[in-house]
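The structure appears below as structure tokens.
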Amino acid sequence: AQSVTQLDSHVSVSEGTPVLLRCNYSSSYSPSLFWYVQHPNKGLQLLLKYTSAATLVKGINGFEAEFKKSETSFHLTKPSAHMSDAAEYFCVVSDSILNNQAGTALIFGKGTTLSVSS
Amino acid sequence: DGGITQSPKYLFRKEGQNVTLSCEQNLNHDAMYWYRQDPGQGLRLIYYSQIVNDFQKGDIAEGYSVSREKKESFPLTVTSAQKNPTAFYLCASSRTGFEKLFFGSGTQLSVL
């Protein structure tokens, strides 16, 4: 069965420093993986997704994530944090056996709150 | 344990039939949401409710209806007007509107 673990519930960084949000997954199949962001008082937004193409995935707002099968990880990074990056981040895994069928089951991590200080 | 419960996990709909997806939470959250997931796309908001007896349309409300008669419950009805209902449906809640979301385990809806 699929599962996803976000290793940090809260990450604090200073503006201009690198961001690392950690995510480990377990999957019996080749997973699809996503990162979503939820800004305060706004809905969910898809940051990036991995679907068995390139292992380094580039997303919006300068974020990227690397799929490492040997480590079962999909950590989210950004070279330089901006104040506007402060938000809740969710790592998500999908059940790839269903990917070829309409509708894709998603399993959400519990989220990581990113705080950015000036 | 507090959480969000969605049922059923799998649901099949016949052509022209209305079906209702259940979502219950015991987190004492005011706000609840319904999202839809299609392959290759991000989640899309169908409906949300920030308080009992009130709800608003999201981005793709056509063909769906909801009710919020109790704080704990936010059922979603997929009507016959929804021409492409096959998808994964995810319910979520938050303490107040658009705070950190807590997610259910989802319902996979397919058309027979």
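Identify, by number, the condition in (1) of a type outside the set (A, V, I, L, M); (2) within 14 Å of chain B (Cβ to nearest Cβ); (3) within 30 Å of B:ALA31 (Cβ to Cβ) that A:ASN61 doesn't meet.
The one condition A:ASN61 does not meet is (2).
Considering every residue within the range B:18-27, establish whether at least one is within 13 Å of chain A (Cβ to nearest Cβ), touching a residue at least 24 places away in the same chain (Cβ under 8 Å) and touching a Leu at 6+ places or on another chain (Cβ under 8 Å).
The answer is yes, given that some residue of the range B:18-27 is within 13 Å of chain A (Cβ to nearest Cβ), touching a residue at least 24 places away in the same chain (Cβ under 8 Å) and touching a Leu at 6+ places or on another chain (Cβ under 8 Å).
For residues that are of a type outside the set (A, V, I, L, M) and over 16 Å from B:LYS57 (Cβ atoms), scanning just the range B:92-101, find the one that is surrounded by the most Cβ atoms within 10 Å (Cβ to Cβ).
So in the range B:92-101, the residues of a type outside the set (A, V, I, L, M) come out as B:93-100.
Add one more test, that the residue is over 16 Å from B:LYS57 (Cβ atoms), and what stays is B:93-96, B:99-100.
Details: B:SER93: 27, B:SER94: 20, B:ARG95: 13, B:THR96: 11, B:GLU99: 16, B:LYS100: 15.
The extreme case among them is B:SER93.
The rows are residues; the columns are (1) within 18 Å of A:LYS110 (Cα to Cα); (2) buried (at least 17 other Cβ atoms within 10 Å of the Cβ); (3) in contact (Cβ under 8 Å) with a residue 60 or more places away in the chain.
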site: B:SER73; (1), (2), (3): no, no, no
site: B:GLN82; (1), (2), (3): no, yes, no
site: B:PHE103; (1), (2), (3): yes, yes, yes
site: B:GLN108; (1), (2), (3): no, yes, yes
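What residue, among those in the range A:40-56 that are within 14 Å of the chain's Cα centre (by Cα) and under 16 Å from A:PHE90 (Cα atoms), is farthest from the other protein chains (Cβ to nearest Cβ)?
Among those that are within 14 Å of the chain's Cα centre (by Cα) and under 16 Å from A:PHE90 (Cα atoms), it is A:TYR50.
For the range B:33-112, which fully contained strands (runs of 3 or more DSSP E) count at least 3 residues that are facing chain A (nearest Cβ under 8 Å)?
Details: elements: B:44-51, B:54-57, B:64-66, B:76-78, B:87-94, B:107-111.
Counting at least 3 such residues, we get B:87-94, B:107-111.
Out of A:GLU66, A:GLU88, I need the residue that is outside any loop (DSSP other than H, G, I, E, B), of a type in the set (Asp, Glu) and touching a residue at least 40 places away in the same chain (Cβ under 8 Å). Which one?
A:GLU88
Quick one: which of A:SER80, A:SER70 is of a type in the set (S, T, N, Q), touching a helix residue (DSSP H, G or I) at 6+ places or on another chain (Cβ under 9 Å) and surrounded by fewer than 16 Cβ atoms within 10 Å (Cβ to Cβ)?
Details: A:SER70 fails: touching a helix residue (DSSP H, G or I) at 6+ places or on another chain (Cβ under 9 Å).
Of A:SER80, A:SER70, the one residue that is of a type in the set (S, T, N, Q), touching a helix residue (DSSP H, G or I) at 6+ places or on another chain (Cβ under 9 Å) and surrounded by fewer than 16 Cβ atoms within 10 Å (Cβ to Cβ) is A:SER80.
Looking at A:PHE34, is it under 29 Å from B:ALA31 (Cβ atoms) and either at pLDDT 95 or above or polar (S, T, N, Q) (or both)?
Considered against the rule, which asks whether it is under 29 Å from B:ALA31 (Cβ atoms) and either at pLDDT 95 or above or polar (S, T, N, Q) (or both), A:PHE34 comes out as no.
The values are calculated or read from the model by the stated rules, or taken from the named source; none is laboratory data. Since this is a predicted model, take the numbers as computed values, not measurements. Don't worry about glycine lacking a Cβ; one is built from the backbone with ideal geometry, like all the others, and counts go over all protein chains shown.
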